[in-house]
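The values are calculated or read from the model by the stated rules, or taken from the named source; none is laboratory data. If you're wondering where the values come from, they're calculated on a predicted model, not measured in any experiment. Note that each Cβ is placed from the backbone with ideal geometry, even for glycine, and that neighbours are counted across all protein chains shown.
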Amino acid sequence: MSGVLNGCDGLDAESVENDTYQLNDRISDESSNDVGSVKVQISLDITKALRKLSNINSMRIAKALYAKSPRTFSELQSETRLEPNILSRTIYEMRANSLLTQKDKQYYLTKYSVVLLDAVNRMRIDLKSKSDRGENLFSAENIPGEHC
């Protein structure tokens, strides 16, 4: 990673990594809740959340809830066609990554997951547009700033 980023608009692998940590820390700080006298820290690690959303089972659940929310477990099972144990485990993992929430036996996408899904969709559209125009997305000419 450092070979690709060194020299491009002052970016280097260390500064990008530091910026990522600072962003995650700021998001975590903004996402803490007071529960009685105990402060609960909600982890919103973007990289972990995106990794979880890249799982096909998680994406099936996210798409189902994005289309219509809330849904019960049985509705999600019917919509996604996942086995109950796989659905249950995936829901558990998505909740652990702050992507889903449950209230009264119904599941909802969090605002955080909707923002991530919208950002990924915008990125997918932009990449497809550039690819359709014949741009080589993996050449050095497409990197902003001076050539690396």
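Here is a check on your reading of the model: is ILE61 among the aliphatic types (A, V, I, L, M), modelled with pLDDT of 95 or more and under 19 Å from the mean Cα position of the chain (by Cα)?
Values: among the aliphatic types (A, V, I, L, M): yes; modelled with pLDDT of 95 or more: yes; under 19 Å from the mean Cα position of the chain (by Cα): yes.
Answer is yes for this residue.
Looking at the stretch 67-101, which of its residues are within 15 Å of LEU117 (Cβ to Cβ) and either exposed (fewer than 15 other Cβ atoms within 10 Å of the Cβ) or out of contact with any strand residue (DSSP E or B) (no Cβ under 8 Å at 6 or more places or on another chain) (or both)?
Residues satisfying the conditions are ALA67, LYS68, SER69, ASN97, SER98.
Filter the stretch 102-112 down to the residues that are in contact with a strand residue (DSSP E or B) (Cβ under 6 Å, 6 or more places away or on another chain) and closer than 22 Å to ARG51 by Cα, then identify the one that is surrounded by the fewest Cβ atoms within 10 Å (Cβ to Cβ).
Once the filter is applied, the top-ranked residue is TYR108.
Taking the criterion of being farther than 30 Å from LEU137 by Cβ, at pLDDT 90 or above, touching a helix residue (DSSP H, G or I) at 6+ places or on another chain (Cβ under 6 Å) and in the same structural domain as LEU137 (by TED's automatic domain parsing), would at least one residue in the stretch 47-58 satisfy it? Full working, then the answer.
Residues of the stretch 47-58 farther than 30 Å from LEU137 by Cβ: none.
The answer is no, given that none of the residues of the stretch 47-58 is farther than 30 Å from LEU137 by Cβ, at pLDDT 90 or above, touching a helix residue (DSSP H, G or I) at 6+ places or on another chain (Cβ under 6 Å) and in the same structural domain as LEU137 (by TED's automatic domain parsing).
What pairs can you find where one residue is in the stretch 117-136 and at pLDDT below 90, the other is surrounded by 11 or more Cβ atoms within 10 Å (Cβ to Cβ), and their Cβ atoms are less than 8 Å apart, with a gap of 6+ or different chains?
Within 8 Å, the pairs are VAL120/LEU50; VAL120/LEU53.
From the list GLN106, GLN77, which residue is without any contact (Cβ under 8 Å) to a residue 12 or more places away in the chain and of a type outside the set (A, V, I, L, M, F, W, C)? Working first, answer last.
Values: GLN106 fails: without any contact (Cβ under 8 Å) to a residue 12 or more places away in the chain.
After ruling out the rest, the residue left standing is GLN77.
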